[in-house]
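The values are calculated or read from the model by the stated rules, or taken from the named source; none is laboratory data. Just so we're clear, the structure is a prediction, and the values are computed from it rather than from any experiment. Note: ideal-geometry Cβ built from the backbone for every residue, glycine included; neighbour counts use all protein chains shown.
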Amino acid sequence: MKTYLVGGAVRDRLLGISGSDRDWVVVGGTPQALLDQGYIPVGKDFPVFLHPHTKDEYALARTERKSGHGYHGFAVHAAPEVTLEEDLARRDLTINAMAQDDSGHIIDPYGGQHDLRNRVLHHVSPAFAEDPVRILRLARFAARFHDFTVADDTLALMRQMVTDGEADHLVAERVWQELARGLMEARPSRMFDVLRDCGALARLLPELDRLWGVPQRAEYHPEIDTGVHMMMVLDMSAHLNAPLTVRYACLGHDLGKGTTPADELPRHIGHEGRSAQLLKKVNERLRVPTDCRELADVVAREHGNIHRSESLNAAAVLRLLARCDAFRKPQRLHDILLACECDARGRLGFELAPYPQADRLKRALAMTQAVDTAAVSAEALSRGLHGEAIGRAIDQAREAALVNGEI
């Protein structure tokens, strides 16, 4: 029984990247042999075990045979006679199909080192086409290794997969999982560029795909094309180290521009509300987590108002803070403002522009938080006020604080 370090850990070592998870493949072993050594079984679809001390994952060498559509449509064969080369052959990309033995020697039967040197994402074999999740994985790797190109024959294979309907069999949870991971990469726009190039974006996120070619007013958007703007916003969110919730909000904030009537272009009056409605459909279809849904909804509805907020008086600012639920969830306001800053700076020539709207609204929130609402409520009760009347008294006190603070 021999063990080999495989996959991303080998790839990243060759690239000089540290901190990758270590995965191992066991050749010539059996489940019982690993159990006898104290390994802990965790695999559901095939034999995977955790090392009793390091907790690294160890999988028995296996082959896979297509038996149906989609991610689960495989028959798995794990046995002592399966070779390392056979196990590596089932992997997606050549740069992920390398192994390292105990002496540090690299086993590379499919040219992974060559493709690393040439910065190419290339499929290992035609079996790539058997699993539609690999389209998403490759797109995610393009976002991580953004100076890599997709091999021409790999892109052609992905396009054929989309044409054959394989992308239509993707499970919502896997789509969201890969999209979320890709959004958190160094250049998330590359993921969507690849998905668009192969035709998968139109199947998975048609609301986003239709934005390319939609014009915007040049005085506000020198880049003009809405799809280009969306990718600039996403990359700005990565540049500013935004969390996933903010990056997802950036992804969905302008979806409504794709449904602007042709005779109303390049203006997009009312696109905020349309964006929020389209996001609801996307959220349900991809089963997006609640925290991402809620932030994206507020950003879609309010980003235009936040951009214009420097011209709002105290009463209007107070209403805006209330619609953002800033009094109950002050941290969420910071995330909303970060998404809006990404939107404002995700424009050609505005990458280094300041965003004073965020500072003003943060200052306004701090002023309203300084209001002693308990004291205001007690005073209102002493005057015989109840229910909504007490709420109005609190609003009046908060507005007065904004006025006094020259908001």
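Structure values in brief
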| quantity | calculated |
| --- | --- |
| Condition check for Val317: buried (at least 16 other Cβ atoms within 10 Å of the Cβ) and either touching a strand residue (DSSP E or B) at 6+ places or on another chain (Cβ under 9 Å) or at pLDDT below 95 (or both) | no |
| Residue within the range 229-244 that is over 17 Å from Leu348 (Cα atoms), part of a helix (DSSP H, G or I) and within 13 Å of the chain's Cα centre (by Cα) present | yes |
| Helices (runs of 4 or more DSSP H) contained in the range 319-407 and holding at least 3 residues touching a Gly at 6+ places or on another chain (Cβ under 8 Å) and free of Cβ contacts under 8 Å to residues at least 60 places away in the same chain | 356-369 |
| Yes/no for Glu173 being under 19 Å from Leu244 (Cα atoms) and out of contact with any Leu (no Cβ under 8 Å at 6 or more places or on another chain) | yes |
| Selection within the range 97-111 - closer than 17 Å to Arg22 by Cβ and crowded, with 20+ Cβ neighbours inside 10 Å | Ala97, Met98, Ala99 |
| Residues being aliphatic (A, V, I, L, M), within 28 Å of Ile17 (Cβ to Cβ) and either assigned to a helix (DSSP H, G or I) or not assigned by TED's automatic domain parsing to the domain that holds Val133 (or both) - total across the range 162-189 | 4 |
| Selection status of Ala129, crowded, with 24+ Cβ neighbours inside 10 Å, farther than 22 Å from Ser189 by Cα and of a type in the set (A, V, I, L, M) | no |
| Breaking point among (1) in contact with a helix residue (DSSP H, G or I) (Cβ under 6 Å, 6 or more places away or on another chain); (2) more than 28 Å from Thr368 (Cβ to Cβ), for His253 | (2) |
| Pick from the range 195-207, criterion of a type in the set (A, V, I, L, M) and within 15 Å of Gly182 (Cβ to Cβ), ranking: surrounded by the fewest Cβ atoms within 10 Å (Cβ to Cβ) | Leu205 |
| Residues being in contact with an Asp or Glu (Cβ under 7 Å, 6 or more places away or on another chain), over 16 Å from Leu338 (Cα atoms) and part of a helix (DSSP H, G or I) - total across the range 275-318 | 8 |
| Condition check for Phe192: outside the structural domain of His239 (by TED's automatic domain parsing), farther than 23 Å from Leu255 by Cβ, part of a helix (DSSP H, G or I) and hydrophobic (A, V, I, L, M, F, W, C) | no |
| Candidate set: the range 260-285, residues that are in contact (Cβ under 8 Å) with a residue 24 or more places away in the chain and of a type in the set (S, T, N, Q); chosen: the one surrounded by the most Cβ atoms within 10 Å (Cβ to Cβ) | Ser275 |
| Extreme residue, surrounded by the most Cβ atoms within 10 Å (Cβ to Cβ), among residues of the range 26-48 that are under 20 Å from Thr63 (Cβ atoms) and under 29 Å from the mean Cα position of the chain (by Cα) | Val48 |
| Tally of residues being assigned to a helix (DSSP H, G or I) and surrounded by fewer than 20 Cβ atoms within 10 Å (Cβ to Cβ) across the range 208-221 | 1 |
| Test: residue in the range 388-406 that is more than 28 Å from Gly227 (Cβ to Cβ), among the basic types (Lys, Arg) and surrounded by 15 or more Cβ atoms within 10 Å (Cβ to Cβ) | yes |
| Options Arg267, Arg247; residue that is assigned by TED's automatic domain parsing to the domain that holds Thr290, under 17 Å from Leu295 (Cα atoms) and out of contact with any His (no Cβ under 9 Å at 6 or more places or on another chain) | Arg247 |
